1. With +1 assigned to the C-beta of every Lys and Arg and -1 to the C-beta of every Asp and Glu, and no other charges, what is the dipole magnitude of chain A about the Cα centre in debye, to the nearest 20?
2. By its C-alpha gyration tensor, with a ≥ b ≥ c as the square roots of the eigenvalues, how is chain B shaped: rounded for a/c under 1.5, else prolate for a/b larger than b/c, else oblate?
3. For a quick check, take a GNM of chain A with Cα springs below 10 Å and name the residue from A:Lys105, A:Lys249, A:Lys200 with the largest mean-square fluctuation.
4. Grab chain B and count how many Lys pairs have their alpha-carbon atoms under 17 Å apart, sequence gap of 8 or more, or different chains.
5. Can you list the trypsin sites (Lys or Arg not before Pro) in the stretch A:117-169 that are in a DSSP coil and have 12 or fewer other beta carbons within 10 angstrom?
6. Taking a cut-off of 19 Å between Cα atoms, list the lysines near A:Lys69, but don't count ones fewer than 8 places away on the same chain.
7. For the stretch B:111-153, which chymotrypsin sites (Phe, Trp or Tyr not before Pro) pass both filters: DSSP loop (anything but H, G, I, E, B) and at most 13 other C-beta atoms within 10 Å?
8. Output the relative contact order of chain B, whole-number percent, from Cα pairs under 8 angstrom with separation of 6+ residues.
Amino acid sequence: MADTTLETPAVTQHPRRIRWETIGDHVVLILGSLLMMMPPLLALTTASHDAVTIHREGLQLALGDDLGKNFHAAMFEKGGFTQTVDGTLMLMNSFILGIGFAVGKIIISMMAAYAIVYFRLRFATLAFWVIFTTLLLPLEVRILPSYEAIQKLGLTNTYTGLIVPLIASATGTFFFRQFFMSVPEELAEAARIDGAGPWKFFVDILVPLSRTMIAAIFIIMFVFGWNQYLWPTLITTDESFFTLVRGIKQIVLSYTDSQIPEHGQALALAIVAMIPPVVIVVFFQNWFVKGLTESDK
Amino acid sequence: MKRAGFDNIWLPVALLLPQLMIIAIFFYWPAAWALQSSFFLQDPFGFGSTFVGADNYTSLLGNNQYKRIAWFTIVFSVLVTFFSLAIALLLAVKADKVIRGAKTYRTLLMWVYAIAPPVAGFLGILFFDQSTGPMTKFFQSFGWDFKLGVDYNATATAMVIAAVWKQIPVNFIFFLSGLQSIPRSVREAAMIDNRSATGRFWQVTFPLLAPTAFFLLIINITYALFDTFGIIDALMKGEPGNNPMTLVYKVYLDGFRGNDLGGSSAQSVVLMVLVLVLTVFQFRLVERRIHYT
């Protein structure tokens, strides 16, 4: 009995010194998490109130009664200048842009990277430089001439005009090139000895081998495509082609113009615009982080 | 190229063709066209253009408004880069240290990556609302008459805060993966040599993170220059007026709202040169890094 009472302080004292530091670490991390979580969370709680309350009192911490009503209005009531677009249509357009961009980019860049890495080509170096120069100039820098080019081709207000110019950069090609270079050389040699042609090798061996890489780059590209703003703003003037992120501008404009702005609906639409990319990033976190940190280096 | 390459000629050409065509049409053609039209003065009604030599450039460099915007862009980029890197580094160091809940923290701190810049800007509008915004009230409690969209400094502050918030996750992810790639043996050796945690961080961990930090520096400058467009556009609510803006926003404004094709193209070319300088700088840093190791 006496022994245990004597020993207890000696045992707990040492861990306690470390624990204060650990608690400090947790406090910093909790504050950081709150900093990142609060704005979207407040958007959600505020979206559950009616327009008058939000207009008068601003952001709301507690949940109100109008969450379902606001979401229903945002998704199914026609809005915009011509009253032809609703949230459901914009959501669909966002998916078309996100998935179309990611899939198109993966297919085109995988093919190009395969050609550069696995073939003895005289102009391989030239092709490499022609493609990789595009890494230097983001679309934002050459936005006006790109728009003029699309206009001359008659591609404004089309999905092609929306998606294809965004693919014209080498990020994906660079990524797959790096990955193909790390694939053991013996694999291609063995395939050749076994009589597999270059196309069979690509489809039956290289593509299945790159599955994880494809998944990682799909996530990054989907989020990138979904979140595009400047390009869709210029290319789509017809509201039936609006994506959610592009529609935000219209929301903000109507929000400042009307007497009692429909903040609740606008916030509901903003939340719908956040959900798909956030869900993908959170659920496929490991692939996403791997793709991000390995592709950019 | 691999040693064991295939000898086929037409297959690689066919494989490369889609990428090369897209790049030619949507990259090289527009870029060349920007360069060309930067030397012309376009009639605003589309009745042709006249060659004006370097006039677009000289009038740009003599323009006080352009100088003001360039200055804002520099200040904005420096502030956004510094704060988002500093906050992310602090959080990454802590997230790397804790054992309990490490995964949860990682998720909570990185998920904002998926939110689009204009959506972040839209949330910013509510936080900085003139009458009800909590951030407005916060600044007013210091006696600052904070008015988003009216007061130049207030709008600039809101833009910096929203842009920093949106960029923390990317920096956090890279710093954390940089920290986790530091070998255990190095950490343990440092533990024996240096008892102070702060000393250990600045003398051992930070130098090992330097390559990641250099890389992130470039990424963040590019972000502040280009990807913040949505945040800036949302926060000024489509009314540029007297509001602060970045160089990219000015390209958009002159080209699409002002119909000043030549001036906008000249600005595009100035930005292209800026990006090229940044890239060369980046490559030189990478080279130096390789020499050291």
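Values in this text are rule-based calculations from the coordinates and carry no lab data. Owing to the predicted nature of the structure, the values given are computational and were not obtained by experimental measurement. Neighbour counts are summed over all protein chains in view; Cβ atoms, including those assigned to glycine, are modelled from backbone coordinates with ideal geometry.
1. Result for chain A is approximately 860 debye, rounded to the nearest 20.
2. In terms of gyration-tensor shape, oblate.
3. A:Lys200
4. Details: B:Lys67/B:Lys250; B:Lys94/B:Lys103; B:Lys137/B:Lys147; B:Lys147/B:Lys237; B:Lys237/B:Lys250.
Going through chain B pair by pair, I get 5.
5. On the way: sites: A:Arg120, A:Arg122, A:Arg142, A:Lys152; in loops: A:Arg120, A:Arg122, A:Arg142.
Sites meeting the loop and neighbour criteria: A:Arg122.
6. Within the straight-line limit of under 19 Å, A:Lys69 reaches these lysines: A:Lys78.
7. B:Phe142
8. On the way: 282 pairs, mean separation 83.7, N = 293.
It rounds to 29 percent for chain B.
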